[in-house]
Each structure stands twice: as structure tokens, then as C-alpha cells.
Amino acid sequence: MDKTNRIIYNTGIVYAQMIIAMVISLLSVRYVLQALGEEDYGVYMLVAGVVALLDILSMSMSNTSMRYMAHSLGKNDLEISLRTFNTTLLIHYCLAILLAVILEVGGWIMFEWFLNIPEGRMFAAQVVYQFMIVTALVTVVSVPFDAVINSHENLLFLAVVNIAQSLCIIGIALLLFLYDGDRLILYGFLMMLLMVIVRIVKQLYTRRKYPESKVNFRRYYDKELMKSILSFTGWDFLNVLAALCSTQIRGILINMFFGVKLNAAEGIGKKVNSKLNQLSTSITRAITPQMNKSAGSGDNKRLIHLTFMGVKFTTFMYCLFAIPLMCEMQYVLDIWLKDVPAYTALFCQMCILIRMTSKFTWQITNAIRAVGRIKEMQIIASVLSISGVVVGYFVFKAGAGPVSIYMIELLLCFVGTVINLYFGKKVVGINPIEYIRKALLPVILPILASLAFIMPILWLMEDGFLRFALVFGLYLSANTLLFWFFSLSMSERGRMTEIITKRIRKNK
């Protein structure tokens with residue numbers, strides 16, 4: 001399979017998996033909320049927020065590991081690949097130990113002085129937090145194995161595992177209704193157990209299928225390579241750590257000023273945004289290995305081409321469902337959750353707007369990572385992340401409402417897009433005017449035109465299933481057609497038509 005066909009094939013696999021997993025996951029949230037109740041669910045989302053944060057941390061570390069694995073695989077030298085894998089794995093073992101200490105000390109400080117836990121639920125919250133620490137450590141040491149699978153672009157296996165994981169989660173949610181004890185503790189334990197089993201399956205598969213995943217630190221440890229990886233990881237980790245702190249502190253600030261029930265609303269907002277984002281990251285997961293290989297081989301022209309293509313497709317895939325969902329958020333939440341915590345719809349809408357803004361230049365940051373010169377960009381991005389919660393604290397202290405911290409994040413996100421464009425030109429050689437003309441406008445204009453189609457329906461019709469169906473149906477069809485004819489070049493349309501036709505004929 002050639003490079004372009006592989007990108008489209010892998011994108012299709014991941015996109016289908018994401019849709020299935022998103023539907024199952026959102027359904028499980030409804031059952032978990034009903035089984036635990038609004039208060040306990042808020043406690044879980046507050047305490048287990050470390051898992052959501054570690055997903056981001058895991059993704060960042062996986063990108064770093066994948067970059068080096070892709071570079072080594074591109075050289076077709078098993079010895080180099082073995083050294084890269086073992087050096088990366090050793091780094092993650094050390095990181096897991098450090099993380100365990102930080103989480104234990106940080107957890108004690110949070111529970112002792114900061115978190116506003118309802119009376120009688122402190123013990124359950126602390127037990128769940130310990131489950132989260134175990135999950136975190138397993139996740140960190142498994143990152144190099146995930147990087148090997150991603151570097152080989154074996155996304156079909158990952159799709160199957162993720163769908164099976166989603167089915168298990170909904171099974172856990174239904175099981176809660178049959179338990180008469182402390183459901184919060186049971187839920188935390190079963191989620192930890194599931195994550196551990198998934199990680200074991202991935203590691204066993206990787207070690208049996210890919211020879212470069214053989215573990216032998218004494219033979220394959222590479223001191224110079226470790227210095228290079230640590231230098232890259234250090235700057236990348238700085239930004240990730242700042243983003244993690246920002247997200248977690250936002251939840252703590254909302255908890256301190258408005259109570260645990262708003263943490264339930266915040267948690268649902270993060271869940272909805274996370275699942276929507278997964279739909280758009282399918283193209284990123286398909287393109288990133290080839291971006292790393294292009295940078296490693298010095299093919300900067302292809303790297304820029306993949307960056308432009310990634311922006312168009314990730315923004316399109318995210319907005320395809322995010323915009324109509326944002327317009328009908330309250331109706332969807334009423335149907336989905338029945339008892340909707342206060343501020344949930346508004347939090348969900350703000351999360352979507354922030355993520356949508358970041359999509360405009362997200363692929364540029366991946367291109368910069370592929371090149372490897374990330375120091376300045378990461379320092380500035382870290383300062384922006386921390387600034388959001390610092391300003392948010394003083395805004396809350398002045399008496400502002402809970403949505404104000406999201407408004408601050410949105411403003412800083414716009415600043416971040418300008419900064420990413422600057423570093424894209426400096427590091428990768430991307431012309432900002434060409435980028436806007438070839439990547440942003442071809443996807444933004446169809447989005448605005450599609451939004452104009454549905455606005456009269458939103459203004460003239462009352463909430464209900466008919467309006468919901470019309471909004472989604474009209475936006476999806478209009479945006480897809482406009483994207484096909486306006487956003488894609490003739491060569492891109494021709495290539496996609498050829499691949500789709502071949503797949504149809506093959507299935508016949």
C-alpha cells in the first residue's frame with residue numbers, strides 16, 4: 001500500500017472506531033451518572049480527573065516515542081530500533097517512579113487543604129484516587145509499546161482493542177445498578193482493572209509481533225540517544241505539564257468557588273469534548289507517522305503538504321459533528337442524561353469552541369515536533385496555559401461566574417494560534433499567507449456557509465426532535481458537499497474517488 005492510500009485506509013479505520021466508541025462511551029456516561037448520582041459522579045470526575053490529564057500526558061509521551069521510533073524504522077536497521085525502544089522504555093520506567101511520588105504527595109496536599117469533598121465521601125474519594133495512581137503508572141510504562149504499534153501504522157489492531165474497551169465500560173456502568181455497596185469505589189476499581197488488562201493485551205501483542213520491542217536494557221541502552229530523547233521530552237513535557245496543571249487546577253478552582261456539583265457539569269463537558277476530538281484525531285494518527293518519517297528523511301516539501309492536508313481534514317471532521325451538537329446541546333443533554341447538572345450545556349459549548357480554535361493550527365505543532373525544534377514554542381505555550389488559571393483565580397475571587405474561566409482560555413487559545421503560525425514559519429518554513437489560503441480558508445468558509453443554512457431553523461423552530469434532525473441533517477450534508485467541492489483539490493478528489501471505487505469493487 002502506497003503512502004497516500006495508507007493514510008486514507010488508516011483514517012477510515014480510526015474514524016469508524018471513534019464513532020462506535022463515542023456512541024458507546026456517551027451512553028455509558030448516562031448510566032454511570034444515574035447509578036452514582038450527581039454528587040458521587042462529581043467526586044469521581046474531580047478525583048479521577050488525573051486520568052483525563054494522564055491521557056493527554058500519555059499522548060504527548062507517545063508522540064515523542066513515536067517520533068524516535070519512526071525515525072529509527074525509516075533507517076531499516078533493527079539494532080537502531082532496538083536501542084531506541086529500550087532507551088525509551090527505560091526513560092518511562094524512571095518517569096513512572098517519579099510520577100508515583102508526585103501523585104502521592106500532591107494527592108495528600110489536595111485532599112488535606114484544597115478539595116471540597118462532601119461529608120462522608122472523603123474515604124471513597126481517597127480510595128478512588130489510589131486506583132487512579134495505579135492506572136497512571138501502568139499507562140506511562142506502556143507508552144513505548146503503543147509507540148511501536150503507531151509507528152508501524154497498525155491502527156486496525158488499536159481500533160479493535162479500543163472498541164472492546166468501550167463495550168467493557170458500558171458493561172461496568174450497567175453492573176453498578178446491581179451493586180448495593182459503595183458504587184463509587186466499585187466503579188473506580190473496575191475502571192482500574194480494565195485499563196490494566198488493556199495495557200497487558202497491547203504489550204503482549206507488541207512483543208510477539210514486532211522484534212524491536214524486545215526488552216534488554218543492558219545490551220541495547222544508548223546513552224547518547226537517551227540525552228537526545230530527554231532533551232526533546234523535557235521541553236515537550238514542560239508544555240504538557242502546564243496543560244495538565246491548567247486543566248486540573250481549573251477543576252479545583254470550580255470546586256473551591258462553586259462546589260462539587262459543578263464538577264459533574266465540568267466533567268461531562270470534558271467527556272463530550274474528548275469524544276468529539278477523537279473523531280478528528282483519526283487523520284492525525286494516520287498522518288503523524290508519515291510526518292515524522294518525512295522530517296527524518298529531510299523531505300520538507302512533503303512535511304508541509306501533510307501539515308496542510310491534516311489541518312483541512314482534522315478541522316472538517318471535528319466541526320462536522322461539533323457545530324450542530326453545540327447548537328442543539330441542551331436538547332441532546334436532556335435526552336441523554338435526563339437530570340442535567342447546572343451549567344453543563346454552557347460548559348460543553350465553551351469546551352467545543354476552545355477545541356475548535358486549537359484545531360486551526362494544531363497540525364503545525366505536530367510538524368514542529370517532527371522537525372524537533374520545540375524549545376521556544378513549548379515555553380511560550382506553557383506560560384499561556386498557566387496564565388489562564390492564574391487569571392481565572394482572580395476573576396473568580398472578584399465574583400465572576402464559572403463560565404468566565406472558559407472565556408479566558410478561549411482568548412488565550414486565539415493568541416496561541418498566532419504563536420503557532422509564527423513558529424511554523426520559523427521552524428518548518430510554512431508561509432502563513434499560503435497556510436491561511438490553502439489550509440484554513442478552504443475549510444472555514446464551508447463551515448460558515450453551512451452554519452448560515454441552519455441558523456433560520458434555530459431561530460424559527462422550537463426545541464424538539466424535528467429541529468434536531470433538520471439541524472444535523474442539513475449541516476452534515478451541506479458541509480460535506482461544500483468540503484468535497486470547495487476544500488479538496490481536483491487531484492485529492494480524484495485520488496479519494498479512485499480509492500473508494502476500488503474498495504466498493506473489492507467488497508462486491
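The values are calculated or read from the model by the stated rules, or taken from the named source; none is laboratory data. For clarity, every value in this text was computed on a predicted model and none was experimentally measured. Cβ: placed from backbone, ideal geometry, glycine included. Neighbour counts: every protein chain shown.
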Q) Just to be sure, is Ile379 at pLDDT 90 or above and either out of contact with any His (no Cβ under 7 Å at 6 or more places or on another chain) or in a helix (DSSP H, G or I) (or both)? A) no
Q.
What's the total number of residues in region 382-414 that are touching a helix residue (DSSP H, G or I) at 6+ places or on another chain (Cβ under 7 Å) and either under 27 Å from Thr64 (Cα atoms) or assigned to a helix (DSSP H, G or I) (or both)?
A. 21
Q | Hey, Ile287 modelled with pLDDT of 85 or more and hydrophobic (A, V, I, L, M, F, W, C) or not | A | no
Q: Residues being surrounded by fewer than 17 Cβ atoms within 10 Å (Cβ to Cβ), among the polar types (S, T, N, Q) and at pLDDT below 70: count how many of those fall in region 1-36.
A: 2
Q) Can you tell me which residue in region 89-123 is farthest from Gly251 (Cα to Cα), limited to those that are among the aliphatic types (A, V, I, L, M) and without any contact (Cβ under 8 Å) to a residue 24 or more places away in the chain? A) Ile97
Q) Considering only residues of region 361-412 that are among the small types (Gly, Ala, Ser) and in contact with a Leu (Cβ under 9 Å, 6 or more places away or on another chain), which is farthest from Leu346 (Cα to Cα)? A) Ala370
